[in-house]
Amino acid sequence: MKSDIEIAREAEKRPIAEIASALGLARDDIVPYGHDTAKVPIAAVERLSDRPDGNLILVTAMTPTALGEGKTTTTIGLGQALRRIGKRACVAIREPSLGPCMGLKGGAAGGGYSQVLPMEDINLHFTGDLHAVSIAHNLLSAMVDNHLHQRAVPEINPRRVAWKRAIDMNDRSLRHIVVGLQGEGIHGVMREDGFEITAASEVMAILCLARSLADLKRRLGDVIVGYDYLRKPILCRDVGAAGAMTALLKNALNPNLVQTVEGAPAFVHGGPFANIAHGCNTVLATRLALKTSDFVVTEAGFGADLGAEKFFHIKCRMAELAPKAAVLVVTRRAYVMHGVENVLQHVDAVRSFGIPAIVSLNRFAGDRDDELREIGKRCEDGGVEAVITNFREAGGDGGTALAEKICSLCERSSRLAFLYPLDAGMIDKVETVARRVYGADGVEVASSARADIKRIEDLGYGGLPVCIAKTPASLTDDPRIAGRPRGFKIRVTGAKVSAGAGFVVVYTGDVMTMPGLPKQPAALKIDVDEAGNISGLF
């Protein structure tokens, strides 16, 4: 089979105005970025607010392998399959991060005949949204350090600065740094600092959860950048950065419209990671998709223990969204590693929220029919229907059976139910997720984490949802433990409040906010010839 980039180059792309027109958007509703990409201004989103919503379908997965199980490919393929059976459908997914693109997993624009176009642009700089997030984040970092240097009020304790820097790249060397070294602190306050990847930035989370420009500015102003000597929070608005940050993010807030290989409309907007952030595309893009299509297929990062749980508890809760059905992606290679009990734990987790689920057995090249049928039978013996799909090699035609079943699921009565009330204690919220979603026996809270949580609750942030940062490689907090383990507890190692995003990040195990590159990074294979043709992207 041809490579992803070869398929992308050979695809016949329709002018972006035609894609917009199919959604009921006029030419004045879009701002073209070339021939095949456009921004949709917020004004157009607001104009369509009175339209009824379509059916929202969430794509999640079992515990994945390090290379991923094709969740984005399934999302795009299912959107195409729904159109193949005559439905008005589109997809709403995240923008890729350059870190994984240059690292281990490669790009995140789907694959084969189920990908979004233009593939090279989307996987690299696209419309510049992630760069805008990085710059806005680092503007605040610079203004915090200038605030310290100028000894401005309110006075920030240099040992209590909570705001790191950000870059859209995997770079382990930047996890811990020292700043202000020149002149032994004469030209800046010498202190410990560090970088996190842009996908883990609170600014990215804010961009993805904001419902308007005013909401974006308010949320940015609420960001806690540090604490004074009495441990009172110092906010972004206290250092005067919210207005300039909003100006830098003004265009990035507008959803991006592109198309799939088969010409289906696709909104590709926002890119938070699900292991250290909430892992969903923007609220604005999802709402726009729901107003312009009868069926909207979206995704949440990694397995249901991370992306789906946060999709329900954070995104749906804040944006008042309610999916009609969920698809759990299962592959042979992940099944071999984790087994059917792992699949069923993820299915049970989704169903615990009141959402019906079905398994998509995502075929990879080399998978045998008898193996996939056996996996499907074991899933069905466990109480969940499974459908073999072949989205990468057959596009929408590879999943019309799944599309038909999804339509039937959407016709059933379902009601999203949250697993914890917001007025529950912070540790109680984490324990509920650990027991109901991960299948744990409870939590073990380190003394330092307990102190973090008490401070957060004492500051008045105890009523926020939790965003649990955990390894995606296991239902536990230990990436070495595969399958569906029993008798384990989740180790809570720390917590911080993301007041602008509107959640509390709870750290478990040894999870990091800045990944590193692997021994053989994908960047080694990426190149460009004299004609400007890029190779090596996948």
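Every number here is computed from the coordinates shown, using simple stated rules; none is lab data. All of these numbers come straight from a predicted model, not from anything done at the bench. Note: ideal-geometry Cβ built from the backbone for every residue, glycine included; neighbour counts use all protein chains shown.
With the charge dipole of the chain set up from +1 on Lys and Arg Cβ and -1 on Asp and Glu Cβ about the Cα centre, the Cα lying farthest toward the positive end among the listed residues VAL445, LEU249, LEU130 is that of VAL445. Normalised by 2.2 N^0.38 Å, where N is the number of residues, the C-alpha radius of gyration of region 426-508 stands at 1.07.
What FRET efficiency would be calculated for the residue pair GLU192, LYS519, taking the C-beta separation as r and a Förster radius of 25 Å, to the nearest 0.05? Intermediate results must be reported in sequence, preceding the final value.
Details: r = 29 Å, r/R0 = 1.14.
In this case the efficiency is close to 0.30.
On full extension, the segment bounded by ARG455 and ASP53 gains 140.7 nm, given 0.36 nm per residue less the C-alpha separation. For LYS2, the aspartates and glutamates whose Cα falls under 14 Å of its own Cα, not counting residues fewer than eight places away in the same chain, are GLU10, GLU393.
When log10 I(q)/I(0) by the Debye sum over Cα atoms at q = 0.06 Å⁻¹ is computed from the coordinates, the matching label among (i) -0.39; (ii) -0.33; (iii) -0.27 is (iii). Taking 25 Å as the limit for the C-alpha separation, the pairs LYS377/LYS405; LYS310/LYS454; LYS87/LYS377; LYS39/LYS496; LYS87/LYS324 exceed it in the case of LYS87/LYS377; LYS39/LYS496.
For THR508, the residues whose modelled amide H falls within less than 5 Å of its own, excluding neighbours fewer than 5 places apart on the same chain, are ALA469, THR493.
For the chain, the 222 nm mean residue ellipticity estimated from helices alone, with every DSSP H stretch of n ≥ 4 adding -39500 (n - 2.57) and the total spread over all residues, rounds to -9000 deg cm²/dmol. The dipole here belongs to region 129-249: it is taken about the Cα centre, uses +1 on the Cβ of Lys and Arg and -1 on the Cβ of Asp and Glu, and is about 300 debye.
The residue list PRO485, ILE358, ASN157 was ranked by how far each Cα lies along the charge dipole of the chain toward its positive end, using unit charges on Cβ atoms, and ASN157 comes out on top. The Cα atoms of region 460-538 give a gyration tensor whose axes a ≥ b ≥ c have a/c of 1.5 or more with a/b no greater than b/c, which makes the shape oblate.
Where does region 111-238 land on the Kirkwood hydrodynamic radius, alpha-carbon pairs, in angstrom? Before the final figure, lay out the partial values.
Working: mean 1/r = 0.0615 Å⁻¹.
Hydrodynamic radius (Kirkwood, Cα only) of region 111-238 equals 16.3 Å.
Extending 7 Å from the Cα toward the beta-carbon at both SER21 and HIS131 defines two label points whose distance is 3.2 nm. Between region 124-143 and region 385-415, the C-alpha centres lie 37 angstrom from each other. Each label was represented as a point 7 Å from its Cα along the Cα-to-Cβ direction; for ARG480 and ALA531 these points are 5.0 nm apart. Dividing the mean sequence gap of close Cα pairs (under 8 Å, 6+ apart) by how many residues the chain holds gives a relative contact order of 21 percent.
How high is the relative contact order of region 202-331, in percent, counting Cα pairs under 8 Å that sit 6 or more residues apart? All intermediate terms of the calculation are to be shown ahead of the outcome.
Working: 165 pairs, mean separation 27.5, N = 130.
Worked out over region 202-331, it gives 21 percent.
Once both labels are positioned 7 Å from their Cα atoms along Cα-to-Cβ, the gap between ASP381 and LEU67 label points is 2.8 nm. Summing Cβ point charges (Lys, Arg +1; Asp, Glu -1) relative to the Cα centre of the chain gives a dipole of roughly 960 debye.
The length gained on full extension between GLU393 and HIS176, counted as 0.36 nm times the residue separation minus their Cα-Cα distance, comes to 73.8 nm.
Charge dipole of region 77-122 (Cα centre as origin; +1 on each Lys and Arg Cβ, -1 on each Asp and Glu Cβ, all else neutral): 380 debye, rounded to the nearest 20.
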